[in-house]
1. Identify all residues within segment 51-88 that are open to solvent by 20 Å² or more (accessible area, probe 1.4 Å) and part of a strand (DSSP E or B); write none if there are none.
2. Among the numbered conditions (1) in contact with a strand residue (DSSP E or B) (Cβ under 8 Å, 6 or more places away or on another chain); (2) surrounded by 19 or more Cβ atoms within 10 Å (Cβ to Cβ); (3) among the β-branched types (Val, Ile, Thr), tell me where Val127 comes up short.
3. Can you list residue pairs whose Cβ atoms sit under 6 Å apart, with the first residue in segment 87-115 being more than 17 Å from Arg21 (Cβ to Cβ) and the second being of a type in the set (Ser, Thr, Tyr) and open to solvent by 40 Å² or more (accessible area, probe 1.4 Å)? Count only pairs 6 or more apart in sequence or on different chains.
4. Residue check: is Met1 over 25 Å from Pro126 (Cα atoms), at pLDDT below 90 and not aromatic (Phe, Trp, Tyr)?
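The values are calculated or read from the model by the stated rules, or taken from the named source; none is laboratory data. Here the structure is a predicted model, which means the values were calculated and not measured. Every residue, glycine among them, receives a Cβ derived from its backbone with ideal geometry; neighbour counts consider all protein chains shown. Surface areas here come from the heavy atoms of the whole protein model, side chains and all, with no ligands, DNA or RNA. Shrake-Rupley method; radii C 1.70, N 1.55, O 1.52, S 1.80 Å.
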Amino acid sequence: MTSPESQSPAPQPPEPESKDRVYRSVPAIAGGVLLLAIAGWLGIDAIVSGEGRTPWMALAVLILIVPLVAAFTLRPAVYAGDDRLRIRNPFRVIVVPWGQVASLKSAYSNEVLTESGAKYQLWAVPVSLRARKKAARREMRATAQARREMGRDEGRGSALGMRAGLGSGPGQGLGGGPVADGPVRAETDRIMDELRGLHEARHQAETAQGEVTVRWAYEVMGPAVAGALLVLILLVVG
């Protein structure tokens, strides 16, 4: 018989692989679906009921605009994993390991800057100045409300202190909890904050090193170029 010490330890189950966080623009997807539905309705109607060169022209225009609309609305996405950031833009797919990311910039557009100085825009995380202004107004209202509540609590605390020798601490209500839960941020700004946090956490990881790769989306560019050439030929032929 073998002693318990001589027995080999039971194999540990493999750790589940972490899934990428996916960021996409819901308004862009909704607008793209609507545009594709309108283009399909008008194009198919022209192909079925048109005369002369109209069906061919409608077909050529559909071949041209459908890939472009899908590329700029349905295709963009950002995949953030533990080791790299994958950016799917209208005509390119860029894979940037976290070790190659220098910074994540957010101004009039959200961009990734690499250590080599290259800059890639995040089409799936567009900047909304209107959302930023709305968040700023909500932050101002929340701050004003917190100050009013703090003033009322301090007034009640002072009155109670005069009666029972008790008071409330600064920056807290009678229950001792914080007044505010943090600044109000626009949705895309919150996404950029999450990406910055992931970059800071994984920038030095051994598995997050490597080279930046860029692949052109020929599956989008090919049909669009073919449709443009077909439209040009039909216009020249007259």
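1. As a first pass, look at segment 51-88 and keep what is open to solvent by 20 Å² or more (accessible area, probe 1.4 Å): 51-57, 59, 61-70, 72-75, 79, 82-84, 86, 88.
Of everything in segment 51-88, those that are open to solvent by 20 Å² or more (accessible area, probe 1.4 Å) and part of a strand (DSSP E or B) turn out to be Tyr79, Arg84, Arg86, Arg88.
2. Of everything listed in (1) in contact with a strand residue (DSSP E or B) (Cβ under 8 Å, 6 or more places away or on another chain); (2) surrounded by 19 or more Cβ atoms within 10 Å (Cβ to Cβ); (3) among the β-branched types (Val, Ile, Thr), Val127 misses just condition (2).
3. From residues that are more than 17 Å from Arg21 (Cβ to Cβ), the pairs are Leu113/Ser103.
4. Details: over 25 Å from Pro126 (Cα atoms): yes; at pLDDT below 90: yes; not aromatic (Phe, Trp, Tyr): yes.
So Met1 passes the test.
For every residue, the table says whether it meets (1) within 23 Å of the chain's Cα centre (by Cα); (2) farther than 18 Å from Val78 by Cβ; (3) at pLDDT below 65.
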{"site": "Gln172", "(1), (2), (3)": "no, yes, yes"}
{"site": "Gly176", "(1), (2), (3)": "no, yes, yes"}
{"site": "Ala180", "(1), (2), (3)": "no, yes, yes"}
{"site": "Val184", "(1), (2), (3)": "yes, yes, yes"}
{"site": "Glu187", "(1), (2), (3)": "yes, no, no"}
{"site": "Glu194", "(1), (2), (3)": "yes, no, no"}
{"site": "Glu200", "(1), (2), (3)": "yes, no, no"}
{"site": "Gln209", "(1), (2), (3)": "yes, yes, no"}
{"site": "Val212", "(1), (2), (3)": "yes, no, no"}
